[in-house]
Amino acid sequence: QGSIHRLLGEAIRAVQGKEECQRSLNICVRTMLHLWTFSTSNVETWAESEKLLEHVKSVVQHVSGGGHTSMSLQASRLSKEAAVFSAMVLNRFEEAHASLELSLEILGGYGKKNKKKRS
């Protein structure tokens, strides 16, 4: 099921123009933001968040960095929250670190792509 899902996504992206891709991505980011209910103080949100985690990570990977658009801010927030979830609930610290790096990268901050600038 997962590979068919990815294949369908790639096929749709291949036939969409740049504006259509951005619009679709914006819808996906807003949908994930709406569905993502993780709260550090509410254990009842954790099971549903675990089901959505890979979807959240997949969607935010498609958001290009360097802007402070509504979509980039929302995607950065989702990636940061995915990091907190990964570390706090799943004890997956490397995964959490990657999500935090992506969050910063989306905002044009100090993610992996910009590490050389800090040195």
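The values are calculated or read from the model by the stated rules, or taken from the named source; none is laboratory data. As the structure is a computational prediction, the values presented were derived from the model and not from experiment. Using ideal geometry, Cβ is built from the backbone for each residue, glycine included, and neighbour counts are taken over all protein chains shown.
One residue alone among SER99, SER86, SER79 is touching a Lys or Arg at 6+ places or on another chain (Cβ under 6 Å) and at pLDDT 95 or above, and that residue is SER86. If you take the residues in segment 28-60 that are surrounded by fewer than 12 Cβ atoms within 10 Å (Cβ to Cβ) and of a type outside the set (Ser, Thr, Tyr), which one is nearest to SER103 (Cα to Cα)? Looking at residues that are surrounded by fewer than 12 Cβ atoms within 10 Å (Cβ to Cβ) and of a type outside the set (Ser, Thr, Tyr), I get GLU54. Here HIS62 qualifies as under 23 Å from PHE85 (Cα atoms) and part of a loop (DSSP other than H, G, I, E, B).
Pairs are defined by a Cβ separation below 7 Å, a sequence spacing of at least 6 or placement on different chains, a first member in segment 80-105 that is over 20 Å from THR45 (Cα atoms), and a second member that is basic (Lys, Arg) and modelled with pLDDT under 95; the pairs so defined are GLU101/LYS112; GLU105/LYS112; GLU105/LYS113. Does SER24 satisfy the criteria of being over 17 Å from LEU100 (Cβ atoms) and in a loop (DSSP other than H, G, I, E, B)? It is false that SER24 is over 17 Å from LEU100 (Cβ atoms) and in a loop (DSSP other than H, G, I, E, B).
Do any residues in segment 25-54 that are on the phi > 0 side of the Ramachandran plot and modelled with pLDDT of 95 or more have Cβ atoms under 7 Å from those of residues that are buried (at least 16 other Cβ atoms within 10 Å of the Cβ) and part of a helix (DSSP H, G or I), where the two are at least six apart or on different chains, and which pairs are they? No pair meets every condition. Scanning segment 1-27 for residues that are surrounded by 11 or more Cβ atoms within 10 Å (Cβ to Cβ) and hydrophobic (A, V, I, L, M, F, W, C) gives ILE12, CYS21, LEU25, ILE27.
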